[in-house]
Amino acid sequence: MKSQITNAITDFFFEYETPRQVLVRNRRVGVVCRLIQLGVLAYIIGWVFIYEKGYQSTDTAVSSVFTKMKGVGYTEVNGVERVWDVADYVFPPQGDSSFVVMTNYIITEGQSMGKCPELKGKHNCSSDADCEGGSFKRTGHGQMTGVCVNTTKTCEVLAWCPVENDHNIPDPPLLMSAENYTLFIKNSVTFPLFGVARSNLVEGIDAAYISKCLHDPKDAPLCPIFRLGDIVKESGFNFETIAQVGGAIGIVVDWTCNFDVDVKHCKPKYNFHGLYGNPAETDKARASVGYNFRYAKHYFDDNVQKRTLLKVFGIRFDIIVQSLARKFDIIPTLTAIGSGVGIFGVATVVCDLMMLYLLPKREFYKNMKFKHTDTHQQDPDSEAGSIETDGSKVRDSHSLLFQIKEYKQFASTFLKADPSIHLFLVQK
């Protein structure tokens, strides 16, 4: 028992098993095998390493965005002249990455809390019975008092009076001068995995350059100052159309960097996308076209609280930072190579299926690929069973009998084989 355990441990540590290999000279199988291997090799080199950069690790950036608008607008409505600066036409004024620039508006001045008739079409009436006191209408301006105003044939409401009339949107837009406003974008990014921090004010972008540059996709692609008219044009909109009813535009700051080269080559690219608006005149048939909101400025006049209400139509700008940095890393490289080597096994599986199930001489190939052994049972009453032999002699006799039988099987099969097929048997 002890010797058997010792032999088993010795065999485990000091013996090496290798699979049996059969070399088949067959053009069809050989061509299919090489084509599959060539396809796998092209996939590994072309897709995994060149296109997907499988030899690099990746990281995304933590970013912050600061914006600043500059420009002055001028309007003349009903003989009233007015100049609009940044504090008037940018909402919110803090310089966030998402903001609205007013391009058109409807103003209702001198509103105070009181009772006045609704607009026509909001809640028409023929008698007081049509106006339920204390109730509200979703599209109305206030609470109904229960009185039908005969002069307008609309219900009286408790609201900010006079109520706003927004049926007629100014055309052309009142602030067409917004086309020449400029937007300054300051963006900083940090890639924590690689310990790299960058700003869109890259090398060569200094105060002197910023004071005179204007972004152009070809001539000045790194200039961080943008003209609103150019942004709208690059996003696919017509400025006058989108300025009348408003819309939304996305400014994408793309940081795609390869840190296997010098960090100074990591520079941003700017792209502009129309997110929502009225890019074609046919869109007027759609519901809720454009972008607008209301803004009120409150004040006191003779101790009476009043307000100026503006329905603002504007372009909403959303600055979106997208990033992807890459750098060589041995771990993803070895992973990509290992997975590619594993895929090479597909060629073996496909060729084995062809050889064993599709080719005319498949039975012959099966005999060469698979070796079958019979289970021999020893008679316990035989003379051999009563003779004690050491383990090495038993193994030697079994090995000799096995080799003789295998030789006979191989010789018998080889004589039946096609002479054009050469078989090489590699055995431990």
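So, by mean Cβ neighbours within 10 angstrom, what's the order for 241-249, 195-203 with the highest one leading? Walk me through the intermediate numbers first.
Details: 241-249: 24.1, 195-203: 15.0.
Answer by packing, highest mean first, reads 241-249, 195-203.
³J(HN,Hα) across segment 315-330 via Karplus (A = 6.51, B = -1.76, C = 1.60, θ = phi - 60°), whole Hz, x for Gly/Pro?
9, 8, 10, 10, 8, 10, 9, 10, 8, 7, 10, 10, 7, 4, 8, 5
Excluding Gly71 itself, what net charge comes from residues whose Cβ is under 12 Å from its Cβ, given Lys and Arg +1 and Asp and Glu -1? Show your work: numbers first, answer last.
Values: positive: Lys68, Lys70, Arg227; negative: Asp85, Asp88, Glu179.
Taking every other residue near Gly71 into account, the sum is 0.
Would you mind calculating the relative contact order of segment 52-177 from Cα pairs under 8 angstrom and at least 6 residues apart, reporting the percent as a whole number? Can you show the working numbers first?
Numbers: 199 pairs, mean separation 29.6, N = 126.
That works out to 24 percent.
Classify segment 1-86: rounded, prolate or oblate, from the alpha-carbon gyration tensor (a ≥ b ≥ c, eigenvalue square roots; a/c under 1.5 rounded; otherwise prolate if a/b is larger than b/c)?
oblate
I'd like the FRET efficiency for Glu240 and Ala208, computed as 1/(1 + (r/R0)^6) with the beta carbon distance as r and R0 of 35 Å, rounded to 0.05.
Values: r = 35 Å, r/R0 = 1.00.
Once the sixth-power term is evaluated, E becomes 0.50.
Name the shape class, rounded, prolate or oblate, that the alpha-carbon gyration tensor gives for segment 1-144, where a ≥ b ≥ c are the square roots of its eigenvalues, rounded holds for a/c under 1.5, and otherwise prolate holds if a/b is larger than b/c and oblate otherwise.
prolate
For segment 3-8, take each phi angle, set θ = phi - 60°, evaluate the Karplus expression 6.51 cos²θ - 1.76 cosθ + 1.60, and give the result in whole Hz per residue in order, putting x for glycine and proline.
Karplus values, whole Hz, x for Gly and Pro: 5, 5, 5, 4, 5, 5.
Mind listing the phi-derived Karplus ³J(HN,Hα) values for segment 240-247, rounded to whole Hz, using 6.51, -1.76 and 1.60 with θ = phi - 60°, and x for any glycine or proline?
4, 5, 6, 6, 5, 10, x, x
Only Lys, Arg, Asp and Glu count, each charged at its Cβ (+1, +1, -1, -1), so figure out the dipole size of segment 35-180 about its Cα centre, rounded to 20 debye. Working shown, then result.
On the way: 10 positive and 17 negative charges, 58 e Å.
Dipole about the Cα centre, nearest 20: 280 debye.
For Cys125, list long-range residues whose amide hydrogen, built 1.01 Å from N in the peptide plane, is under 5 Å from its own amide hydrogen.
Long-range HN contacts for Cys125: Thr154, Cys155.
If a/c stays under 1.5 just call it rounded; otherwise compare a/b with b/c (prolate if a/b is bigger, oblate if not). Do that for segment 158-246, with a ≥ b ≥ c from the square roots of the Cα gyration tensor eigenvalues.
Values: a/c = 3.08, a/b = 2.04, b/c = 1.51.
Since a/c reaches 1.5 and a/b is larger than b/c, the shape of segment 158-246 is classed as prolate.
So who's got an amide H within less than 5 Å of the one on Gln111, skipping anything under 5 residues away but keeping other chains? H placed 1.01 Å off N, in plane.
Residues meeting the amide H criterion: Arg307, Leu309.
Taking amide H atoms as placed 1.01 Å from N in the peptide plane, list the residues 5 or more away in sequence, or in a different chain, whose amide H sits under 5 Å from that of Leu275.
When sequence neighbours closer than 5 places are left aside, the close amide H contacts are Ala248, Ile249, Gly250.
Name the residue from Phe49, Phe12, Tyr105 whose Cα lies farthest towards the positive end of the charge dipole of segment 1-120, charges +1 on Cβ of Lys and Arg and -1 on Cβ of Asp and Glu.
Most positive-ward Cα: Phe12.
At a 10 angstrom cut-off on C-beta neighbours, averaged per residue, how do the peptides 295-304, 257-266, 309-318 rank from highest to lowest? Numbers along the way, then the final one.
Working: 295-304: 9.2, 257-266: 14.2, 309-318: 21.4.
By packing density, highest mean first, the sequence is 309-318, 257-266, 295-304.
Measuring from centroid to centroid over Cα atoms, what is the spacing of segment 73-97 and segment 207-256 in Å?
A separation of 20 Å, based on Cα centres.
Every number in this text was worked out from the coordinates using simple rules, so none of it is lab data. For clarity, every value in this text was computed on a predicted model and none was experimentally measured. Quick reminder, even Gly has a Cβ in these numbers, built from the backbone with ideal geometry, and neighbours come from all protein chains shown.
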